[in-house]
1. Which condition number in (1) at the interface with another protein chain (Cβ under 7 Å from one of its Cβ atoms); (2) in contact with a helix residue (DSSP H, G or I) (Cβ under 9 Å, 6 or more places away or on another chain) is the one that B:Gly105 fails?
2. Mind checking which residues of region B:69-86 are more than 23 Å from B:Asp134 (Cα to Cα) and facing chain A (nearest Cβ under 8 Å)?
3. Which residues, counting only those in region B:111-141, are surrounded by fewer than 24 Cβ atoms within 10 Å (Cβ to Cβ), assigned to a loop (DSSP other than H, G, I, E, B) and either facing another protein chain (nearest Cβ under 10 Å) or at positive phi (or both)?
4. Residues being assigned to a loop (DSSP other than H, G, I, E, B) and either touching a strand residue (DSSP E or B) at 6+ places or on another chain (Cβ under 7 Å) or among the polar types (S, T, N, Q) (or both): count how many of those fall in region A:31-66.
5. Any chance you could count how many residues in region B:90-106 are closer than 15 Å to B:Ala171 by Cβ and over 11 Å from the mean Cα position of the chain (by Cα)?
6. Filter region A:162-180 down to the residues that are within 14 Å of chain B (Cβ to nearest Cβ) and buried (at least 19 other Cβ atoms within 10 Å of the Cβ), then identify the one that is farthest from A:Phe111 (Cα to Cα).
7. Of the residues A:Thr28, A:Thr87, which single one is within 19 Å of the chain's Cα centre (by Cα), touching a residue at least 40 places away in the same chain (Cβ under 8 Å) and not in a helix (DSSP H, G or I)?
8. For the structure I just gave you, tell me whether A:Glu102 is over 19 Å from B:Ile55 (Cα atoms), charged (D, E, K, R) and touching a Phe, Trp or Tyr at 6+ places or on another chain (Cβ under 8 Å).
Number of protein chains: 2
Amino acid sequence: MVESADFSFEEISADELNRLQALYGPLTDAVRRVVQAGIRTGADEQTIREAQASIEAVAEKLEASADADVVRMAVDGRPVVWGNPVTGFRNAIAPPLIMHTEPDGLWWSEFEVGEPYQGPPGWVHGGVLALVLDQVLGEVASEGLSKPMFTGTITMRYLRGTPLGRLRAEAAIERIDGYKTFVSGHISDSDGKTVEAEGIWIKPAWARGAG
Amino acid sequence: MVESADFSFEEISADELNRLQALYGPLTDAVRRVVQAGIRTGADEQTIREAQASIEAVAEKLEASADADVVRMAVDGRPVVWGNPVTGFRNAIAPPLIMHTEPDGLWWSEFEVGEPYQGPPGWVHGGVLALVLDQVLGEVASEGLSKPMFTGTITMRYLRGTPLGRLRAEAAIERIDGYKTFVSGHISDSDGKTVEAEGIWIKPAWARGAG
């Protein structure tokens with residue numbers, strides 16, 4: 001099981017977070033661009049091999065000063081998510097999503113998905129939508145990852161195809177019943193909902209004494 | 001809706017597929033390595049900026065000869081999946097999974113997931129497991145993507161945390177009822193199942209005349 005110690009954080013300032021995002025964000029965007037280029041390129045073999053060698057050389061330089069002991073950080077008690085595959089500003093796999101909250105308890109994000117997230121031609125991969133919804137509903141259940149909560153079950157209902165491009169995800173808590181939190185949400189394009197999701201998040205046994 | 005024309009393919013030989021995999025596989029592996037390095041590096045600002053510039057230069061070269069009209073290919077009637085975010089050998093977002101089939105109808109894959117797929121520290125992101133399961137169950141429903149099939153619903157049940165590392169996914173058809181195919185599967189680590197999934201795949205209306 002996950003230890004409660006994993007949920008401790010070092011507080012950093014909002015300025016320090018801005019500095020980190022400004023440092024790593026453009027690097028991660030560059031990596032996203034090369035992910036896309038690798039899918040699309042029709043370059044000749046020599047160009048491909050040179051590209052590969054250049055990328056390996058960059059990786060080697062970055063690895064030379066890898067952080068052996070990466071710190072989990074928080075700003076005002078809310079975790080700074082930099083490695084997450086949906087929201088992390090240092091993870092090129094993430095679109096990334098930036099989450100927003102409303103006073104009424106709605107959590108939402110507008111984001112862009114391109115060819116690396118494609119299933120059938122022109123459409124977002126259904127599993128990518130599940131990945132995004134798991135993250136968004138989980139953020140709601142855990143109040144922005146500030147409480148330990150694990151996904152129990154999640155169900156996706158695909159209403160129609162979701163086109164590549166600009167999308168919106170939103171979610172809210174339906175109800176809380178003991179250590180179970182019921183959350184629902186959806187993804188929509190400019191014409192409305194494309195996928196609905198509902199799930200149950202569970203507070204782990206070791207955290208049930210806490211609030 | 002998706003047009004049936006999207007499901008046409010150009011047949012290529014197994015040798016040609018081997019050539020493409022040998023050409024693009026190592027490039028994609030290099031991009032995966034730099035995704036990981038970008039998450040982990042503790043390099044100074046100048047090194048980060050140089051890395052960013054190098055990656056942008058590589059992307060620019062690859063983009064200069066982008067395939068405007070990417071062909072969908074098949075070997076022996078089975079689609080060649082090179083861009084898919086779970087199985088594509090040209091998509092650095094994909095771990096990637098390589099699917100295998102057994103005579104009894106079981107589809108399985110053994111694969112490795114590292115830090116870019118992490119949720120809580122040391123554990124695979126629940127949404128990444130949903131992404132993988134959607135792909136694996138969908139491959140079963142569509143017989144290796146050779147038949148047009150769209151996800152109707154899919155439910156994941158998380159039995160316990162799934163550790164980063166080597167995992168196995170498997171799935172099989174439960175039953176077919178008219179244009180609905182019911183599929184179930186799971187992901188396991190060396191100690192057994194960690195996530196179960198079940199879903200319904202739907203044959204689109206335009207394809208219902210076909211076999």
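1. Among (1) at the interface with another protein chain (Cβ under 7 Å from one of its Cβ atoms); (2) in contact with a helix residue (DSSP H, G or I) (Cβ under 9 Å, 6 or more places away or on another chain), the lone unmet condition for B:Gly105 is (1).
2. Correct list: B:Val70 only.
3. Correct list: B:Pro120, B:Pro121, B:Gly122.
4. Taking region A:31-66 first, the residues assigned to a loop (DSSP other than H, G, I, E, B) are A:42-44, A:65.
The next check asks that each one be either touching a strand residue (DSSP E or B) at 6+ places or on another chain (Cβ under 7 Å) or among the polar types (S, T, N, Q) (or both); those that pass are A:42, A:65.
Qualifying residue count, region A:31-66: 2.
5. Final tally of qualifying residues: 6.
6. Within region A:162-180, the first condition is being within 14 Å of chain B (Cβ to nearest Cβ), and the residues that meet it are A:162-164, A:169, A:171, A:180.
Those still in the list that are buried (at least 19 other Cβ atoms within 10 Å of the Cβ) too: A:162, A:164, A:169, A:171.
Numbers: A:Thr162: 13, A:Leu164: 11, A:Ala169: 8, A:Ala171: 15 Å.
That would be A:Ala171.
7. Details: A:Thr28 fails: not in a helix (DSSP H, G or I).
Exactly one residue qualifies, and that residue is A:Thr87.
8. Values: over 19 Å from B:Ile55 (Cα atoms): yes; charged (D, E, K, R): yes; touching a Phe, Trp or Tyr at 6+ places or on another chain (Cβ under 8 Å): yes.
For A:Glu102, the condition - over 19 Å from B:Ile55 (Cα atoms), charged (D, E, K, R) and touching a Phe, Trp or Tyr at 6+ places or on another chain (Cβ under 8 Å) - is met.
The values are calculated or read from the model by the stated rules, or taken from the named source; none is laboratory data. The structure displayed is predicted, hence computed values, not measured ones. All Cβ positions, glycine included, derive from the backbone under ideal geometry; neighbour counts span all protein chains shown.
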